[in-house]
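Below: one structure, written as structure tokens.
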Amino acid sequence: MELVPFIIKSIIILVIFGLTLLIAMYSTYGERKVAGFIQDRLGPDRAGPWGLLQPLADAGKMFFKEDFIPAQANKWLFIAGPCVAMLTALMASAVIPFGDTIIYDGVEVAVQAVEANVGILYIFGIVSLGVYGLMIGGWASNNKFSLLGAIRAASQNISYEVAMGMSIVAIIMISESLSIGDIVAQQHGGNWNIWYQPLGFIIFLTCAFAECNRTPFDLPECETELVGGYHTEYSSMKLGFYLFAEYINMFVSSAVISALYFGGYNYPGMDWVAGALTDAFGTVAGHNVATLIGTAVFFGKSLFGVFFYMWVRWTLPRFRYDQLMNLGWKALIPLAMFNIVVTGLAVIFIEPALTAMLK
Amino acid sequence: MTLAEKIYLPAIATGMAITIKHFFQKKVTIRYPEVKRYLGPVFRGRHVLKRDEQGRERCTACGLCAVACPAEAIQIVAEERKKGEEHLYREEKYAAIYEVNMLRCIFCGLCEEACPKQAVYLRHDEFVPVFTERDQVIWGKDLLTENMNNRYLRKAWTKEEAREQNLIEAKGEAAEFVPRAIP
């Protein structure tokens with residue numbers, strides 16, 4: 001690899017990594033603010049202006065707490081659990097295209113850590129690995145409630161992955177590519193996938209909630225039944241990492257949703273903006289600024305997704321476990337299959353007919 | 001169940017519309033230490049041993065407050081007024097020691113009602129401050145007797161009276177101290 005693109009790529013990766021951590025950090029603050037506002041309260045507002053230093057205070061508290069490992073726990077796995085959870089949460093964002101391309105010194109570099117032609121499969125693989133973090137932690141705690149929570153998390157994630165994968169199949173059939181970069185590029189010009197896949201979107205969204213262990217599917221940490229779920233025995237920053245991993249997962253999954261269904265970095269009128277910027281700053285600088293605006297739009301969409309997660313959490317009550325399984329296996333999977341069949345028919349028969357008519 | 005109820009999404013949408021409406025509503029929170037709300041004209045707060053207009057203590061150490069107190073928080077030792085002390089004590093007998101145990105006091109206000117001399121009041125505008133040490137718990141006369149520079153006047157006995165008083169004050173006229181009974 002050449003040196004210049006390597007350096008640019010490294011900078012992009014570091015910036016995206018840092019931004020992901022920052023967003024996860026402020027999601028904890030945002031969650032409490034949103035909860036407060038929805039319940040007619042103010043939420044945290046004592047640490048710094050509007051409580052903006054609250055995440056720092058929380059992190060400080062977490063670090064100074066006693067880091068306790070139960071006597072009968074499997075020590076190494078107990079430590080490995082939060083590490084795996086954090087690792088898999090951070091790895092998933094590698095193939096997401098956060099923007100178009102940046103031109104520097106005649107080299108064009110995509111704003112994306114890795115351009116993988118099997119991007120979607122990679123994300124699915126990593127997300128399934130995320131279950132190991134919970135499972136290892138729950139098993140190593142040597143506690144019945146932890147183990148029950150971990151088993152719930154594992155069975156729930158596996159059940160909903162089926163429906164999630166099937167809803168993605170329909171997207172892949174439309175775009176004929178597994179690369180997320182291609183899928184986003186094809187949605188250029190208001191051609192967002194949500195217009196073609198509303199049912200698939202609802203299925204994907206529901207499954208994303210289940211995959212992130214968020215309300216209404218947060219049964220793995222159901223306090224009324226399981227104390228704290230898989231992280232009952234965890235304290236200090238190990239608990240912090242589990243909670244942090246959940247927020248990173250939230251951000252990454254809303255980034256995936258906005259890439260797959262909401263056009264990623266595409267926004268209405270982006271060609272006009274790019275043209276105006278190129279006229280004003282010249283070809284290279286104009287293109288780069290346009291890319292940065294696209295990236296900002298992408299982050300805006302993802303952050304709205306995170307807000308949506310919180311909004312749903314503070315609206316809906318938790319499902320019962322049998323309801324959860326019924327919804328997953330008896331409703332979402334048949335719907336996803338139906339969606340695939342309909343999409344297939346549309347791609348084979350309706351799309352050629354429409355193209356012929358428009359010609 | 002109808003189809004709309006079965007697919008559950010319309011119900012979710014309704015719920016989310018309600019929560020987002022609350023998201024943008026005015027918040028009811030009062031930021032306490034900075035903003036204090038008016039607790040009403042007869043809120044029972046910090047104890048005060050009243051003096052009369054000439055600065056003499058009104059208490060005559062009859063002990064009715066101590067008898068009325070359900071928590072037995074009040075302790076009084078009476079003393080006879082000597083010659084030359086008439087400017088200090090209004091009655092011929094006075095309380096040499098008047099102590100309120102703030103851990104026992106339940107702020108019921110029965111002492112205020114029992115007092116025949118209008119000497120004991122629970123201020124409606126001040127709290128008993130938080131104490132952290134054991135020797136701060138029992139309040140003697142040094143803390144209880146009224147400071148003539150910061151006299152306590154109860155302006156009203158009901159909400160309606162308080163509203164009237166506020167209207168009078170808004171006009172710029174001096175509010176009058178309204179004792180409930182003639183001392």
Check your understanding: Does the stretch A:253-260 contain any residue that is open to solvent by less than 60 Å² (accessible area, probe 1.4 Å), modelled with pLDDT of 85 or more, over 30 Å from A:Tyr230 (Cα atoms) and more than 14 Å from every other protein chain (Cβ to nearest Cβ)?
Key -> yes
**Study point:** the stretch A:87-127, residues that are at pLDDT 85 or above and more than 17 Å from A:Leu260 (Cβ to Cβ)
**Key:** A:Leu87, A:Thr88, A:Ala89, A:Leu90, A:Met91
Check your understanding: Of the residues A:Trp314, A:Trp329, which is more than 14 Å from chain B (Cβ to nearest Cβ) and among the aromatic types (Phe, Trp, Tyr)?
Key -> A:Trp329
Revision key, fill the gap. Per the filter on the stretch B:92-117, residues among the acidic types (Asp, Glu) and either in contact with a Pro (Cβ under 7 Å, 6 or more places away or on another chain) or open to solvent by 40 Å² or more (accessible area, probe 1.4 Å) (or both) are B:Glu92, B:Glu99, B:Glu113
Check your understanding: For the stretch B:66-89, does any single residue satisfy the condition of being within 14 Å of another protein chain (Cβ to nearest Cβ), closer than 30 Å to B:Thr132 by Cβ, part of a loop (DSSP other than H, G, I, E, B) and under 26 Å from the mean Cα position of the chain (by Cα)?
Key -> no
Revision key, fill the gap. Residue pairs within 6 Å by beta carbon, gap of at least six or interchain, first lying in the stretch B:97-111 and more than 17 Å from B:Glu133 (Cα to Cα), second part of a loop (DSSP other than H, G, I, E, B) and open to solvent by 60 Å² or more (accessible area, probe 1.4 Å), listed first then second, are B:Phe107/B:Arg44; B:Gly109/B:Arg44
**Study point:** Options A:Thr355, A:Thr291, A:Thr343, A:Thr295; residue that is in a helix (DSSP H, G or I) and open to solvent by 30 Å² or more (accessible area, probe 1.4 Å)
**Key:** A:Thr355
Point to revise | Residue, most open to solvent (accessible area, probe 1.4 Å), within the stretch A:1-44, restricted to residues that are assigned to a loop (DSSP other than H, G, I, E, B) and away from chain B (no Cβ under 14 Å) | key: A:Met1
Study note, to complete from the structure: All conditions in (1) within 17 Å of the chain's Cα centre (by Cα); (2) open to solvent by 50 Å² or more (accessible area, probe 1.4 Å) are true of A:Leu147 except (1)
Review point. Among the residues of the stretch B:1-37, how many are outside any loop (DSSP other than H, G, I, E, B), open to solvent by less than 100 Å² (accessible area, probe 1.4 Å) and either more than 17 Å from A:Asp45 (Cβ to Cβ) or more than 9 Å from chain A (Cβ to nearest Cβ) (or both)?
Key: 15
Check your understanding: Give me the pairs: first residue in the stretch A:73-87 and touching a residue at least 60 places away in the same chain (Cβ under 8 Å) and over 12 Å from A:Met135 (Cβ atoms), second residue assigned to a helix (DSSP H, G or I) and open to solvent by 30 Å² or more (accessible area, probe 1.4 Å), beta-carbon distance under 8 Å, and six or more apart or on different chains, which are they?
Key -> A:Asn74/A:Trp139; A:Pro82/A:Leu239; A:Pro82/A:Phe241; A:Cys83/A:Phe241; A:Met86/A:Phe241; A:Met86/A:Phe244
Review point. Taking the stretch A:45-73 as the region of interest, how many residues are open to solvent by less than 80 Å² (accessible area, probe 1.4 Å) and either basic (Lys, Arg) or in a loop (DSSP other than H, G, I, E, B) (or both)?
Key: 7
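The values are calculated or read from the model by the stated rules, or taken from the named source; none is laboratory data. No experiment lies behind these values; they were computed from the predicted model shown. Heads up, the Cβs are rebuilt from the backbone with ideal geometry, glycines too, and the neighbour counts pull from every protein chain shown. Calculation scope for accessible area: heavy atoms of the full protein, side chains included, ligands and nucleic acids excluded. Shrake-Rupley method; radii C 1.70, N 1.55, O 1.52, S 1.80 Å.
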